[in-house]
1. R0 = 35 Å: FRET efficiency of HIS110 with LEU24, Cβ-based, nearest 0.05?
2. How large is ³J(HN,Hα) for each residue in region 95-110, as worked out from phi by the Karplus curve 6.51 cos²θ - 1.76 cosθ + 1.60 (θ = phi - 60°), to whole Hz, x for Gly and Pro?
3. Can you tell me the order of 176-184, 109-117 when each peptide is scored by its average per-residue count of other Cβ atoms within 10 angstrom, highest first?
4. Got the relative contact order for region 66-142 handy, in percent, Cα pairs under 8 Å and 6 or more residues apart?
5. Compute the relative contact order of the chain as a whole-number percentage, counting only Cα pairs closer than 8 Å that sit 6 or more residues apart in sequence.
6. Report the rotationally averaged projected area of the chain based on its alpha-carbon convex hull, in square nanometres.
7. Within 15 Å, Cβ to Cβ, of LEU48, how many net charges do the neighbouring residues add up to if Lys/Arg are +1 and Asp/Glu are -1?
8. May I ask you to give the percent of accessible area on region 97-193 that is carbon plus sulfur, with a probe radius of 1.4 Å?
Amino acid sequence: MAPGTGVSLLDGDGHSVPVQTWPLAMWPDGSLKWTGHAAVLGPGTGDLLLTASASAGADPADARASGSGSEISVIEDAAAITVDTGPLCCVVARQGPDLIRQLAVGGQVHCSGVRPIAVLERRRVLPRGEERVRTRAPGVAGSVVGEPQGTQRWGLRAGGAPLSQEASGTTRWLPSCIRLYVYHGPTRVRLWH
């Protein structure tokens, strides 16, 4: 696809479906090789058709949505990032032990203080059997950065490393990465490590 080419998503009846698109890889001449897409689809959604269009607002390089009437609101400050999709509001900490400070649906807080916890298991084989010792350590965010943003999907990557308090002092474990995504409309948060 040439730069400036838009993308449209159509349902089986030819109606436009809101879609967010972003570039994943480019050819040496600057044209798009691979694109990523996000759309919120209801149950029973039939066949869909993704097509190139002349719509400048749907240019994959712009990471915007086509056919969308409302957007995800993101407010960033030094302490946190607040994401509001309409029905869902999520406050993500920039640093510290809490990844999600607060998650509200319809204005009602459903959870707060969401913390990643790592578990290290040490095993030793002894004459009488195997011994297992598990150590729990809270994850600590070292950096929180946004991923492709738009009107249909918002994401971030939180990097850090679990810290454990041991007799010998504080030990930082291997670095970790947690991704968090919210979508326009649904009241769910997608997390993975």
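1. Values: r = 33 Å, r/R0 = 0.95.
Once rounded, the FRET efficiency stands at 0.60.
2. These are the phi-based 3J(HN,Hα) values: 8, x, x, 7, 7, 10, 6, 7, 10, 10, 10, x, x, 9, 5, 9 Hz.
3. Taking the mean over residues of other Cβ atoms within 10 Å, the ranking is 176-184, 109-117.
4. Answer for region 66-142 is 21 percent.
5. 16 percent
6. In nm², the orientation-averaged hull projection of the chain is 16.8.
7. Values: positive: none; negative: ASP11, ASP13, ASP47.
Value of the local net charge: -3.
8. Carbon-and-sulfur percentage of accessible area, whole number: 52.
The values are calculated or read from the model by the stated rules, or taken from the named source; none is laboratory data. The model shown is predicted, which means the values in this text are computed figures rather than measured ones. Note that each Cβ is placed from the backbone with ideal geometry, even for glycine, and that neighbours are counted across all protein chains shown. Ligands, DNA and RNA are stripped out before the accessible areas are found, and what is left, the full protein with its side chains, is counted by its heavy atoms. Shrake-Rupley method; radii C 1.70, N 1.55, O 1.52, S 1.80 Å.
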